[in-house]
1. How large is the dipole of the range 54-185 about the Cα centre if only Lys and Arg carry +1 and Asp and Glu carry -1, each at its Cβ, rounded to the nearest 20 debye?
2. Once the dipole of the range 120-241 is set up with Lys and Arg at +1 and Asp and Glu at -1 on Cβ about the Cα centre, which of His184, Tyr235, Ala218 lies farthest towards its positive end?
3. Looking at the range 63-128, which trypsin sites (Lys or Arg not before Pro) are in a loop (DSSP not H, G, I, E or B) and have at most 13 other Cβ atoms within 10 Å?
4. What is the dipole size for the range 122-241, taken about its Cα centre, with +1 at each Lys and Arg Cβ and -1 at each Asp and Glu Cβ, in debye to the nearest 20?
5. Using the heavy atoms of the protein chains and a 1.4 angstrom probe, tell me the accessible area per residue for the range 67-108 in square angstrom.
6. Tell me, what % of the accessible area of the range 71-159 is carbon and sulfur with a 1.4 angstrom probe?
7. Which of the three applies to the range 163-238, rounded, prolate or oblate, going by the alpha-carbon gyration tensor with a ≥ b ≥ c and a/c under 1.5 meaning rounded?
8. Take the alpha carbon gyration tensor of the range 39-191, find the square roots of its eigenvalues, order them as a ≥ b ≥ c, and report rounded if a/c is under 1.5; if not, report prolate when a/b exceeds b/c, else oblate.
Amino acid sequence: MNHDEAMHLAGRGLAEALQAQTQEANAGLIPPVRDALEPHDANPGVGTPPLEAWEAASERLGWAGMAPPAAWGTLVLEAARVPHVVCAPGDYPQRLDVTALLKAPTAREESNGVVSAGLLESWAGQQKQPNNMVLAAGVLRVAGNRQAAAQMLQRAIADGAHSDHVAALQGALAFDAGDMKKAHACWTLLPEGPTRWHNLGLLAWLTGEPARELFTKARSGIDERDPWHHLAALYADVASV
């Protein structure tokens, strides 16, 4: 790649970043955009774009078109980063803690508290459609409010939520609690496909069983433009070390 090509890519990346920032501000996920430029080091880190995270947390898993809660931007900013991201409603690959993953690939993570509890519980309580309740429960889980997530999930089950969505999230809650046996029982109920392979790959990896093939299957079943594809690819590489 020559200098001109590199500059073109850089300019295109900046344009896309500014467009995404405007969309996020219009959706109420970040404060309104005022200036295109910030003082040097005003934002020393690279944050996860909330709309990209929402797409990964909802659209590919069956909730295309559902708007994120107003507190989603805060959640993405403050939610705990983890080395093992479960493919379940409400979770997203950008939550990966790469440093922790590479430092101790099979170490279990601990919860770091609850994010935006009141706002998210209020939004979750407004959901009336059973499958939307499952997604709301998943968002509460990512926020660290597992008790509220479990309660919302029970409401969704009582109202007839889709069994695959329920199994994916039940397994995620069990996984968070360290109950690998229950998580396995839930995720083996899922149909053959990337969600099942990804999650069973995590269980195999953390219990000392071969996992690379499962992650490779998950990767191959997801479009290359999807961040879940790249997460599965990373896990396949790390799990084979």
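The values are calculated or read from the model by the stated rules, or taken from the named source; none is laboratory data. All values reported here derive from a predicted model rather than from experimental measurement. In this analysis, Cβ positions are derived from the backbone assuming ideal geometry, glycine residues included, and neighbour counts consider all displayed protein chains. Side chains are part of the model used for accessible areas, which takes the heavy atoms of the whole protein and leaves out ligands, DNA and RNA. Shrake-Rupley method; radii C 1.70, N 1.55, O 1.52, S 1.80 Å.
1. 180
2. Selected residue: His184.
3. In loop regions of the range 63-128 (DSSP not H, G, I, E or B), the sparsely surrounded trypsin sites (Lys or Arg not before Pro) are Arg108, Lys128.
4. Values: 11 positive and 11 negative charges, 64 e Å.
For the range 122-241, the charge dipole is close to 300 debye.
5. That works out to 38 Å² per residue.
6. 50
7. Verdict is oblate for the range 163-238.
8. oblate
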